[in-house]
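Working notes, beginning with the structure itself.
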Amino acid sequence: MGVTHSPESPALTPAPRVLPELDDTSRPFWTAGAAGELRIAHCPTCRRYLHPPRATCRDCGADLEFEAVSGNGTVFTYTVAHQQFNPAVPTPFVIALVELDEQSDLRLVANIVDVEPAAVTTGMRVRVRFEQHDTVFVPVFAPAP
Ligand SMILES: [Zn+2]
């Protein structure tokens, strides 16, 4: 079971540590944490980021390249999960849609960590961290220092 997102209706999956299935298109996103970087698919022609990763630009058809972003963002919206769907994932936990600083519509579904779920707010400043599972580095966000 993979984590599925779509830009139109982000799926707030209840089992965030269920690891994604990597393919050639998504692999750069899920492994860039090895270098401590959050890398997002970027169109060199339109000069825009696109997420989730895809092979080509939906606007101009150009091949996308992965570029490192700052890893800084804000909580756009979030939900607190209380039901335990996966024994490996303690509850409660926070799943958020994080809007990255680089672009107003550039949003990632990710867990918010290192903070009590009750203290998470919309608009909260966050910064990326990575949870390593073998070769997969899952981006999560913690309150910005
Ligand atoms: Zn383009």
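The values are calculated or read from the model by the stated rules, or taken from the named source; none is laboratory data. All of these numbers come straight from a predicted model, not from anything done at the bench. Cβ placement follows ideal geometry from the backbone for every residue including glycine, while neighbour counts extend to all protein chains displayed. The protein model used for the area step is the full one, side chains on, heavy atoms only, and it has no ligands, DNA or RNA in it. Shrake-Rupley method; radii C 1.70, N 1.55, O 1.52, S 1.80 Å.
The table that follows gives values for the structure above.
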| item | result |
| --- | --- |
| Translational D in µm²/s for the chain (Stokes-Einstein at 20 °C, 1.002 mPa s, Kirkwood Rh from C-alpha pairs) | 138 |
| Positive-end extreme of charge dipole, the chain - chosen from Ala68, Ala41, Thr79 (charges on Cβ) | Thr79 |
| Solvent-accessible area per residue, Å², over the chain with all protein chains present [probe radius 1.4 Å] | 52 |
| Overall form of the range 78-145 per C-alpha gyration tensor (a/c, 1.5; a/b vs b/c) | oblate |
| Mean Cα-pair separation over length for the chain, i.e. relative contact order, pairs under 8 Å, 6 or more apart, % | 22 |
| Portion, in percent, of the accessible area of the chain that falls on carbon or sulfur, probe 1.4 Å | 48 |
| Probe 1.4 Å - accessible area at Tyr49, Å² to nearest ten | 30 |
